[in-house]
Structure formats: C-alpha cells, structure tokens
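Read the structure below first, then the notes.
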Amino acid sequence: MKVRTRFAPSPTGYLHIGGARTALFSWLYARKHGGEFVLRVEDTDLARSNAESVNAILEGMSWLGLEYDEGPFYQTQRFDRYKEVVQRLLDEGHAYYCYCTKEELEAMREEQMARKEKPRYDGRCRMRKAPREGVDPVIRFKNPMEGITVVDDMVRGRVTFQNSELDDLIIARSDGTPTYNLTVVVDDWDMGITHVIRGDDHLNNTPRQINILKALGVEPPRYAHLPMILGPDGAKLSKRHGAVSVMQYRDEGYLPEALLNYLVRLGWAHGDQEIFSLDELIELFDIEDVNHSASAINPDKLLWLNQHYLKTLSTDHVARQLSWHMGQRGVDPACDPPLRDVVEAQRERAKTLVEMADNSLYFYREVESYDEKAARKNLTADSAPVLQALHGALGALGQWEDGPIHQAVIDVSERMGLKFGKVAQPLRVAVTGGTVSPPIDQTLRLIGRDRTLKRIENAVQWIETKTVDNA
C-alpha cells in the first residue's frame, strides 16, 4: 500500500503555526514511507473562504519548502461529486430528509438540557416518508444507533465511541451544499488517502466519518490526531501570544529551517537531539512517537534555533533569505557589496534576518546622521586629526583588502601613540554612524574605498562644524 497523506486547510485565514505543524507531520510521514503528499483546500464555507487566504496558505507552504505531489484541489470544484454521493446514501437508506425547523430544533435542545441530557438530534425524521410543505429539508446521515465505533489512533491509541452518543449529522444543507463531514469523507476516499494526520479538535468528527465510509463500503484511513499547541502561559494559542501566522515569522526574520525544526519539536522528540536537518527528520520521524499532551510554544527556543541556522546554513542560502528583507528596506541587494559577503561578516552577530538587515544598511546607504552618544564620545576635536591621518593612510593603499586595511589602522595608531581602539572606534562611527559593526577591516572592505574615504571626509567636516558652533 502506497502511503498517501494530505493537508486540508480551510481558507478562512492565514496559515498558522498549528496548521503548519500538521502539514509538516503529514509531509514527513509521506516522505519517510516513500509516499505522496496531497494539498486540498476545503473552501466550501463560501461566506468565509477567500482568495487572499488561499494565496496566504500557498505562500506559507512554499516558504516552508513543503512541496506537495498533487493539488491543490478545491472542494468548490467538486460539488457534483458530493451530490452524487449524497444521492447514493439516500438511495441505499443511509440518509434521509429532515424537515425540522430551526424553532423545533431549538425547542428540542432546550428540553434535553432541562432534562440534563446531552443536546443532540433525536432522529424524529428518520422514518418520515412524506415531505413537509413550506420547509426546505436538510439531509442527515443515518448513524448506527447501537454498537461502538473504534478509532485506532496512531497518536492516542484506541479510542472508543458509543454510536448511541453520535447523532444523525447533517451532510447536505437546505440549499443543497454539502457539509464538512461529508466532503472530507468523499475527498479522502476519492484521493486514496491512507493516513489522516490532523489536530485533535477533529477527533469527535472521526467516528462519524468512519461510519459514513463504512456505509459506502470504503475502508477508512488510519487516523492520527495531534495535540494542540498552547501559548507560553499554557492557554490556547491566540494572537495575543504574538506571531501565529507562518508568514509573520518570515517577516520577523526567522529562517524556514528554524521554524520547521521548532515545529517538529512541538510534540515530537528523538532522544535529547534538538537540531535536525530535513533529511534527518525524514529518516527519524514517526507519527507514533508524537506526545499525547499539548505543547507550549517557547519563543526563546525558536530564537536560539534561528541563530544556529544563521551561523551554519550555507552563505548563499542565508543571503537569498536576507535579500527579501533588504528589498523591504528599499535596498537593492544586487548592488555592492555582494550580499553573501555581508552575511559572512554579520552572521555571528545577529539572531534574526531583521536584525542582520537593519545592522547592514550602512553598507548600502550613505551615513546621514550619527548616533548621538557615539558621536559625542568619538567624533570630537581630538579625533579629527586621527581621522585625517586615517584618510591619508587608507587612501594610499594599493590593495583594498582586510590585511592591508587592518595594518593601515595599526600604523596610524602607532604613529600617533594611541591604542588601537582609540583609532578604530572614531573610524567606525565615521563610516557606519554607530559603534557596532563587524571588525573594522571587514567593515571598510565591504563599504569600499571611495565611500570610506568620502565618509571620513564628511565626519571631519561634521566635527569642524560642531567645533565652530560650540566656540
């Protein structure tokens, strides 16, 4: 049997991290077993589904690198198939028309609650033969009234449901549109899905779906229900916990590799190992090793993982990810210096791509102002002759490389009887606008000879102007 899994989001919002983890686990299971991963868009909620959400889901999947083998399939394009199956269930006596009005259903519910019973449809239209004038009926599935339905869950183990507790769910609304529990059954059947991996909020739907499949003479897939993800405070994950959209993590400077590694550890472990490549995950992952209990997000862990990947992934890959962030800041990453050289210089100094991008703008933009505290300490009347000496020494260099640049700064510091830092720091402020940068030789090399000399000239002029103003 070829393994076929699916990810079936509803396009009523963005791809959140809970959905991304479900997609990842489904993708890993298919890849581990040499199977296929299907993307299906469950867009039958016409009032809430929208194209923007579909695009956000596809964008999130693409950014994470979770490529799918088939799809995306859209349920709104399969209505004829659903109607065909509903009609078959009617013809074979597994479904029936229900003419109960909303008022009658509400009265039924109130009576049951008054008797302290679980509210459920009582099947009063099960045996009805004649239509009811003036009422557009829904269609209900005739659920077995006796016995049990067993979900052999790959995460939770054996879960048993009493059929008497499962009411006759609606499979088609009064306007003829199918409901979720019908469409998901037909789709999993038609698409040959062998393993359904989804959130445990769907567990109560599973016995109903199994019973519909059995009524159709179809062997149900294996199910695995994943525990929910909680916020750091142990409460249900919500927007107040910060970034919950996958693309928001992209916007905040996280690498897809870091987020994938982080998500897989929310509920799954392999010993004490924390860092996994995708190849390792495909080899080691097993859905039956997923923890039964909920997992809480830990922003510090994600930041730690991101810093690790910034340091260890290939320079070209990090540069490609950084390129988007530079473009967001109005910088053309195709300009000098090469972005991969910037990554080499900054990768040990940043925890996120946002931090790396913000701290690298001076490589591409002219310094229009200086950090006030840095300038007050380093761009003084005493530092002007130091900068002028540096301008001469650096301008005379035959090679604009780290070694000669570093030696020129040393020569100036020795000639003027100053410690290296008393020379390098005013130079750093002059060419970057602040006191933090990679080593001064790397910084100057990346800025370039002409721009370095011009920025030193501008700093000297700024000092002279300030000196005159303060006289």
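Residues in the range 430-444: is at least one open to solvent by 40 Å² or more (accessible area, probe 1.4 Å), closer than 23 Å to residue 350 by Cα and among the β-branched types (Val, Ile, Thr)?
There is at least one residue in the range 430-444 that is open to solvent by 40 Å² or more (accessible area, probe 1.4 Å), closer than 23 Å to residue 350 by Cα and among the β-branched types (Val, Ile, Thr).
Checking residue 254 against (1) farther than 24 Å from residue 6 by Cα; (2) open to solvent by 40 Å² or more (accessible area, probe 1.4 Å); (3) touching a helix residue (DSSP H, G or I) at 6+ places or on another chain (Cβ under 6 Å), only one condition comes out false. Which one?
Tallying (1) farther than 24 Å from residue 6 by Cα; (2) open to solvent by 40 Å² or more (accessible area, probe 1.4 Å); (3) touching a helix residue (DSSP H, G or I) at 6+ places or on another chain (Cβ under 6 Å), residue 254 fails exactly one: (2).
Can you tell which of 64, 28 is closer than 17 Å to residue 198 by Cβ and open to solvent by less than 10 Å² (accessible area, probe 1.4 Å)?
Of the residues listed, the single one that is closer than 17 Å to residue 198 by Cβ and open to solvent by less than 10 Å² (accessible area, probe 1.4 Å) is 28.
Conditions (1) modelled with pLDDT under 95; (2) closer than 28 Å to residue 43 by Cβ, marked per residue:
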site: 85; (1), (2): no, yes
site: 95; (1), (2): no, yes
site: 102; (1), (2): yes, yes
site: 119; (1), (2): yes, no
site: 126; (1), (2): yes, no
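Could you list, in sequence order, the residues of the range 387-427 that are part of a helix (DSSP H, G or I) and of a type in the set (Phe, Trp, Tyr)?
420, the sole residue that qualifies.
Quick one: which residue in 184, 151, 159 is within 30 Å of residue 26 (Cβ to Cβ) and part of a helix (DSSP H, G or I)?
When all the criteria are applied, what remains is 184.
Scan the range 263-277 and tell me whether some residue there is open to solvent by less than 50 Å² (accessible area, probe 1.4 Å), within 25 Å of residue 52 (Cβ to Cβ), under 18 Å from the mean Cα position of the chain (by Cα) and of a type outside the set (D, E, K, R).
Yes, the range 263-277 has at least one match.
Of all residues in the range 317-333, count the ones that are farther than 24 Å from residue 65 by Cβ and open to solvent by 50 Å² or more (accessible area, probe 1.4 Å).
3
Among the listed residues 337, 333, which satisfies the condition of being without any contact (Cβ under 8 Å) to a residue 40 or more places away in the chain, assigned to a loop (DSSP other than H, G, I, E, B) and in contact with a Phe, Trp or Tyr (Cβ under 9 Å, 6 or more places away or on another chain)?
Checking each option against the conditions leaves just 333.
Name the residues in the range 233-246 that are buried (at least 16 other Cβ atoms within 10 Å of the Cβ) and either part of a helix (DSSP H, G or I) or touching a Lys or Arg at 6+ places or on another chain (Cβ under 6 Å) (or both), would you?
241, 246
Restricting attention to the range 192-227, report how many residues are surrounded by fewer than 17 Cβ atoms within 10 Å (Cβ to Cβ), in contact (Cβ under 8 Å) with a residue 40 or more places away in the chain and of a type in the set (A, V, I, L, M).
Residues meeting the conditions: 1.
The values are calculated or read from the model by the stated rules, or taken from the named source; none is laboratory data. Computed from a predicted model, the values in this text were never measured in an experiment. Note that each Cβ is placed from the backbone with ideal geometry, even for glycine, and that neighbours are counted across all protein chains shown. For accessibility, only protein heavy atoms count, side chains too; no ligands or nucleic acids. Shrake-Rupley method; radii C 1.70, N 1.55, O 1.52, S 1.80 Å.
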